[in-house]
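First up is the structure itself, then whatever we jot down about it.
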């Protein structure tokens, strides 16, 4: 039954029934939406991670569905994991029974080597990994195992900053032969008079801003010092030459910080104090973890990935012929913790150390 006022409106305005019908529909929709919110809950709830003192706006806010959801790759990792086979003594070793065993894995039992090999083939999306000793993928795989063990063994302060997480091939590869979010030089970086012509290029390296495109190379490969311009408005000397950075160095730093924020889906106050950005004594604990991460990626690129130069085929190289390199997004892929903090090393002690594997 329709309301009395609606019937009266129809009698008084027999040719104008659209406006009250629209009104009734709008009210009904609002009532229905209210009931749905009560019964089903707010679909756009947010959660905040406090990173500093109250009242300083130091927090990272995300939609609850995003903050609590699993990363897209977690189910894929869970489908490939299995518990290690605890050796009891006398088992046949992989170095004696299998061919092309990667260096450092010869002492694994056949059962544990086979389970690890099957997992690595799934993690990298290379079903014949290590089958062909002459394949470049075999050589690269040997190097990558050493890199993975080094990350777990020597960079515990970063990869396990908030509990055991670790790193495996899956952390970066997630079923693909080439990990997503690797980076290449955008184009040849040729210097012009005064300032390298590396700005105003629409590239993913700067999140399509006009910031410098060479920040990752400068800070995550070439060991340049991350710095911003002097706080004094009239500092003596020439910026960039006389002991303090120029505005160009600051712009490159902002380019790197922008990349960090997008890689982890956080904001500036995740690491910095909003009331004292320039004061290193007032940073958050995450700043220390991030600093270790910078040093870790510098070593990863220089000691491992650069060594791939000359091994990879042309289709694996960048537009300038350079090899793929790693940065924060290669592991994090938009999450504060890679794979949302999933422990990926717990069942794979073979990748946790270059020494004797400890099974528990």
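The values are calculated or read from the model by the stated rules, or taken from the named source; none is laboratory data. In this text, all values refer to a predicted model and were calculated from it rather than measured experimentally. No Cβ is skipped: glycine too gets one built from the backbone with ideal geometry, and neighbour counts run over all protein chains shown.
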Checklist entry - Can residue 265 be described as touching a residue at least 40 places away in the same chain (Cβ under 8 Å) and either assigned by TED's automatic domain parsing to the domain that holds residue 82 or within 30 Å of residue 119 (Cα to Cα) (or both)? => result yes
Item to check | the stretch 174-196 residues that are under 17 Å from residue 221 (Cβ atoms), paired with ones that are in a loop (DSSP other than H, G, I, E, B) and at pLDDT 95 or above (beta carbon under 7 Å, 6 or more apart) | outcome: 182/324; 182/326; 183/327; 184/324
Checklist entry - Can you tell me which residue in the stretch 121-139 is farthest from the chain's Cα centre (by Cα), limited to those that are crowded, with 19+ Cβ neighbours inside 10 Å and assigned to a loop (DSSP other than H, G, I, E, B)? => result 130
Item to check | Selection from the stretch 183-224 of residues that are modelled with pLDDT of 75 or more, in contact with a helix residue (DSSP H, G or I) (Cβ under 8 Å, 6 or more places away or on another chain) and part of a loop (DSSP other than H, G, I, E, B) | outcome: 185, 186, 207, 209, 211, 212, 213, 214, 221, 223, 224
Checklist entry - Any chance the stretch 69-76 includes a residue that's modelled with pLDDT of 70 or more, surrounded by 14 or more Cβ atoms within 10 Å (Cβ to Cβ), in a loop (DSSP other than H, G, I, E, B) and not assigned by TED's automatic domain parsing to the domain that holds residue 279? => result no
Checklist outcome for this item: When every residue in the stretch 249-290 that is in contact with a strand residue (DSSP E or B) (Cβ under 8 Å, 6 or more places away or on another chain) and not in a helix (DSSP H, G or I) is compared, the one nearest to residue 58 (Cα to Cα) is 267
Item to check | Number of positions in the stretch 145-172 that are within 18 Å of the chain's Cα centre (by Cα) and in a helix (DSSP H, G or I) | outcome: 12
Item to check | Any pair with Cβ under 7 angstrom, 6 or more apart, that starts in the stretch 298-316 at a residue that is in a helix (DSSP H, G or I) and ends at one that is loosely packed, with under 15 Cβ neighbours inside 10 Å | outcome: 298/223; 316/178
Checklist entry - With (1) surrounded by 16 or more Cβ atoms within 10 Å (Cβ to Cβ); (2) in contact (Cβ under 8 Å) with a residue 40 or more places away in the chain as the list, and residue 201 as the residue in question, which single condition is left unmet? => result (2)
Checklist entry - From the set of residues in the stretch 327-347 that are in a loop (DSSP other than H, G, I, E, B) and touching a strand residue (DSSP E or B) at 6+ places or on another chain (Cβ under 8 Å), which is nearest to residue 220 (Cα to Cα)? => result 327
